[in-house]
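The values are calculated or read from the model by the stated rules, or taken from the named source; none is laboratory data. Please read these numbers as outputs of a predicted model, since none were measured by experiment. Quick reminder, even Gly has a Cβ in these numbers, built from the backbone with ideal geometry, and neighbours come from all protein chains shown.
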Amino acid sequence: MKKQLKYDFLLLLVAVGWGFSFYFVDISLQYMGPLTLNAFRFIIAFSVIGAFSYKKLKNPSRLTLKYSLLIGLIFFVVFASSAMGVMLTSLSNASFLPGLSVIFTPILTALIYKKKPEKKLLLAVPMSTIGLALLTLRDGFDIGSDYFLGDILCIITAVTYALAIVLTGSAVEKEDVDSYQLGVYPLAVTGILSLILAFIFEKPAIPSAPIAWFTVLFLALFCTGLALVIQTIALQYTTEERVAIILALEPVFAGFVAYIFAGEVLTKMAYLGAVLMILSMFIMEIDFSKLKLKLLNKSSNYQ
């Protein structure tokens, strides 16, 4: 239980870091294409983490490498579809649709593991989704032929990210899989795939502006490397659904970052959405069976 709370807190810090990523990605894309940015993010993340922990990465099992290749491929689809989706749909749609991974994660978990979701999940997931809509759909949900491809890409982002969480959760339970290695090796796979396609569809170049280097390094080290390693290890101690709900808080922190750095002001409905999303996280954290038992014990003591 203590380890679960520890990693839930670390996941919350990941969501805070990802809140900054919206702002930093926007700056980075002024100097490079999305595939080039993803290549920088993942290759730098793998190189730095590998340099500091190369002993932990020695002698990976075949099963670890197999899962690393598959998860790295999925991460490539997640980040590529996300970057292209943002460019091809409205800001509201691009903010809301990827967050639907909070719905797809329990659905895929139920289908793959063939188990019923927790009862509190039936309250937390709709609450989180409504909160996400109130927080991100400030200009309404735009549906039209102009946004069709971008919306599809954003939905692909949500589904594939949910799949990555569920697949990782399944992998870390296997004895022959090292969770730390599984958090690091997919970075290399995603980075190499992004770099190959960047040379095909873009013109990769090393950025010269200091601000570009700062944003790329922050995205690589904190929002990519540490974030995905923490997420992978956390799945040993917490559930896939809990991970999805905690990381869905990303837009909440992104709103605060936008307010501080860009002067954007949230609406009252957006604040309500943020509150609902935070409450959904607390619902997932509370052990209602223990709480019920404590209340029953207290009531019996008063009698």
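Taking the numbered list (1) hydroxyl-bearing (Ser, Thr, Tyr); (2) touching a helix residue (DSSP H, G or I) at 6+ places or on another chain (Cβ under 6 Å); (3) surrounded by fewer than 23 Cβ atoms within 10 Å (Cβ to Cβ); (4) under 24 Å from Val243 (Cβ atoms) in turn, Tyr31 passes all entries but (4). Counting only residues that are β-branched (Val, Ile, Thr) and over 12 Å from Asn38 (Cα atoms), the stretch 68-89 holds 4 of them.
Does Leu272 qualify as being buried (at least 19 other Cβ atoms within 10 Å of the Cβ) and either more than 30 Å from Thr64 (Cα to Cα) or in contact with a helix residue (DSSP H, G or I) (Cβ under 6 Å, 6 or more places away or on another chain) (or both)? First the steps, then the outcome.
Values: buried (at least 19 other Cβ atoms within 10 Å of the Cβ): no; either more than 30 Å from Thr64 (Cα to Cα) or in contact with a helix residue (DSSP H, G or I) (Cβ under 6 Å, 6 or more places away or on another chain) (or both): yes.
When the stated conditions are applied, Leu272 does not pass them.
Each residue in the stretch 63-88 was checked for being surrounded by fewer than 19 Cβ atoms within 10 Å (Cβ to Cβ) and free of Cβ contacts under 8 Å to residues at least 60 places away in the same chain, and 1 of them qualify. Reported count of residues in the stretch 146-159, each being crowded, with 23+ Cβ neighbours inside 10 Å and either of a type in the set (Ser, Thr, Tyr) or under 29 Å from Asn59 (Cα atoms) (or both), is 1. In the set (1) crowded, with 17+ Cβ neighbours inside 10 Å; (2) closer than 25 Å to Asp26 by Cβ, the condition left unmet by Ser208 is number (1).
Before we move on, is Ile246 in a helix (DSSP H, G or I), β-branched (Val, Ile, Thr) and surrounded by 24 or more Cβ atoms within 10 Å (Cβ to Cβ)? Even if it seems obvious, please write down each step before you answer.
On the way: in a helix (DSSP H, G or I): yes; β-branched (Val, Ile, Thr): yes; surrounded by 24 or more Cβ atoms within 10 Å (Cβ to Cβ): yes.
Yes: the conditions hold for Ile246.
Would you be able to say whether some residue in the stretch 130-148 is at pLDDT 85 or above and within 23 Å of Phe75 (Cα to Cα)? No, the stretch 130-148 has no match at all.
Tyr185 - would you say it is under 14 Å from Ala80 (Cβ atoms), crowded, with 20+ Cβ neighbours inside 10 Å and either touching a His at 6+ places or on another chain (Cβ under 9 Å) or aromatic (Phe, Trp, Tyr) (or both)?
Numbers: under 14 Å from Ala80 (Cβ atoms): no; crowded, with 20+ Cβ neighbours inside 10 Å: yes; either touching a His at 6+ places or on another chain (Cβ under 9 Å) or aromatic (Phe, Trp, Tyr) (or both): yes.
No.
Restricting the stretch 242-294 to residues that are of a type in the set (Ser, Thr, Tyr) and more than 22 Å from the chain's Cα centre (by Cα) leaves a set whose member that is modelled with the highest pLDDT is Thr267. For the stretch 151-164, filtered to residues that are of a type in the set (Val, Ile, Thr) and at pLDDT below 95, the residue that is farthest from the chain's Cα centre (by Cα) is Ile152.
Looking only at the stretch 179-215, residues that are part of a loop (DSSP other than H, G, I, E, B) and either modelled with pLDDT of 95 or more or of a type in the set (Lys, Arg) (or both) come to 1 in all. Could you please let me know if Tyr31 is in a loop (DSSP other than H, G, I, E, B) and either closer than 18 Å to Ser179 by Cα or under 20 Å from the mean Cα position of the chain (by Cα) (or both)? In short, no.
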